[in-house]
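**Student:** Sharing a structure with you now.
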Amino acid sequence: MSDSRPENVVIIGSGPAAWTAATYAARANLSPLVFEGEPVGTELPGGQLMLTTDIENFPGFPEAISGPALMERMKAQAVHHGARVVSELVQSVDFSQRPFVIRPNYSPAVTAHTVIVATGAAAKWIGLDSELRLAKQGGGVSACAVCDGAMPFFRNRRLAVVGGGDTAMEEAMYLTKFASEVVIIHRRDSFRASKVMANRVLSHPKVTVRWNSQVTEVLGDDFITGVRIADTTTGASEVLEVGGLFVAIGHTPNTRFLQGQLTTTEHGYITVAPWRTATNVDGVFAAGDVIDDYYRQAITSAGTGCMAALEAERWLAHHGIGESPVLETAETTIGTATA
């Protein structure tokens, strides 16, 4: 472990919550250190928005902006104000001692007076190579209907939703506003969703259901043209032509590295105080989708990032720690940083 002075604020994550927190902390002269992560499969620095083509509902962009471009601009803003960036995943943390200890993949461990966890939640995918390829290249495969469903690409087309829980029902209902038809593909003969949600979907004239079915292949080179589905009881296979596929089988909060040191919900989301970002460990805050299993939007994540930074700043002031004694420049990098 390094013998250097503890960091005022360490931010773990690189989505809207993390970069918003970094901007607020940097403007408060706290010189935050951000561990933005590194590519692992479909998980990229920048979070779920890295798989989103055009964002039309983030305030300030009337002509829309791509997910990667928005993340690049948010990161650049944070760095401009003095945030420092390490392009590594955090392997583990130790919140049992003060200052807290953060251990990244390759660089030496660092200590911190406060920590903001903004690691998000990873969408669960079916796991098909064809699905993930089209999701990465913006080819009509998505894990968020509210994020992408209103795009012109999906309008007046037959769209498919995979799933059978409340999230899938909500996604399907949202898509009925734009699609010519919404086909729900579910591997069982009944939904897991609440009866009210299921009845609402089943009674909608634009919705049809393929029961006892699972997607075995997503068809299309640059853009989706259809899906191959197999009957889970007979094994029979058929091709269903669709203009979009929305996978709604849940999310997994990125909290494994915490090793149970923070209180979470039964589904693994970090528990925070009502209308706050404070966790059960004094001085540790959480923001973004890692605390949110309901909204999961870029703007709500950014809002909680702001809240977490303000709470961290006030925590430091209350403990007489205050501003960073060393003013960092926008070009500062640490380890394998890319700023």
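**Student:** Output the qualifying pairs, or none if there are none: Cβ atoms under 6 angstrom, residues six or more apart or on different chains, first residue in the range 260-280 and at positive phi, second residue among the charged types (D, E, K, R) and modelled with pLDDT of 95 or more.
**Tutor:** That search, which allows pairs on different chains as well, returns nothing.
**Student:** Restricting the search to the range 261-298, which residues are of a type in the set (Gly, Ala, Ser) and modelled with pLDDT of 95 or more?
**Tutor:** Ala273, Ala278, Gly283, Ala286, Ala287, Gly288
**Student:** Against the conditions (1) among the β-branched types (Val, Ile, Thr); (2) crowded, with 23+ Cβ neighbours inside 10 Å; (3) closer than 20 Å to Ser301 by Cβ, where does Ile102 fall short? Just the number, please.
**Tutor:** In the conditions (1) among the β-branched types (Val, Ile, Thr); (2) crowded, with 23+ Cβ neighbours inside 10 Å; (3) closer than 20 Å to Ser301 by Cβ, Ile102 misses (3) alone.
**Student:** Let me ask something additional. Please go through the range 26-80 and give me each residue that is buried (at least 20 other Cβ atoms within 10 Å of the Cβ), more than 14 Å from the chain's Cα centre (by Cα), among the small types (Gly, Ala, Ser) and within 17 Å of Gly13 (Cβ to Cβ), ordered by number.
**Tutor:** Residues satisfying the conditions are Ala26, Ala78.
This table checks each residue for (1) in contact (Cβ under 8 Å) with a residue 60 or more places away in the chain; (2) assigned to a strand (DSSP E or B).
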site: Tyr106; (1), (2): yes, no
site: Ala112; (1), (2): yes, yes
site: Ile116; (1), (2): yes, yes
site: Gly127; (1), (2): no, no
site: Gly138; (1), (2): yes, no
site: Ala150; (1), (2): yes, no
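**Student:** Residue pairs, Cβ under 6 Å, 6 or more apart or interchain, first in the range 45-61 and modelled with pLDDT under 80, second buried (at least 17 other Cβ atoms within 10 Å of the Cβ) and of a type outside the set (A, V, I, L, M). List them.
**Tutor:** Matching pairs, first to second residue: Thr52/Gly67; Thr52/Cys147; Thr53/Gly138.
**Student:** Just give me the residues in the range 212-253 being part of a loop (DSSP other than H, G, I, E, B) and touching a Lys or Arg at 6+ places or on another chain (Cβ under 6 Å), in sequence order.
**Tutor:** Hits for the range 212-253 are Thr232, Val242, Gly243, Ile249, Gly250.
**Student:** Of all the residues that make up the range 190-211, how many are within 28 Å of the chain's Cα centre (by Cα), assigned to a loop (DSSP other than H, G, I, E, B) and not polar (S, T, N, Q)?
**Tutor:** Residues in the range 190-211 being within 28 Å of the chain's Cα centre (by Cα), assigned to a loop (DSSP other than H, G, I, E, B) and not polar (S, T, N, Q): 3 in total.
**Student:** Of everything in the range 75-93, what is in contact (Cβ under 8 Å) with a residue 60 or more places away in the chain and either of a type in the set (A, V, I, L, M) or touching a Lys or Arg at 6+ places or on another chain (Cβ under 9 Å) (or both)? Give them in sequence order.
**Tutor:** Hits for the range 75-93 are Val79, His81, Gly82, Ala83, Val85, Val86, Leu89, Val90, Gln91, Ser92, Val93.
**Student:** Any idea how many residues of the range 164-184 are surrounded by 22 or more Cβ atoms within 10 Å (Cβ to Cβ) and either more than 22 Å from Tyr295 (Cα to Cα) or more than 24 Å from the chain's Cα centre (by Cα) (or both)?
**Tutor:** 3
**Student:** Give the residues of the range 270-293 that are more than 12 Å from the chain's Cα centre (by Cα) and part of a loop (DSSP other than H, G, I, E, B), sorted by residue number.
**Tutor:** The answer is Thr271, Val272, Ala273, Pro274, Trp275, Arg276, Thr277, Thr279, Asn280, Val281, Asp282, Gly283.
The values are calculated or read from the model by the stated rules, or taken from the named source; none is laboratory data. No experiment lies behind these values; they were computed from the predicted model shown. All Cβ positions, glycine included, derive from the backbone under ideal geometry; neighbour counts span all protein chains shown.
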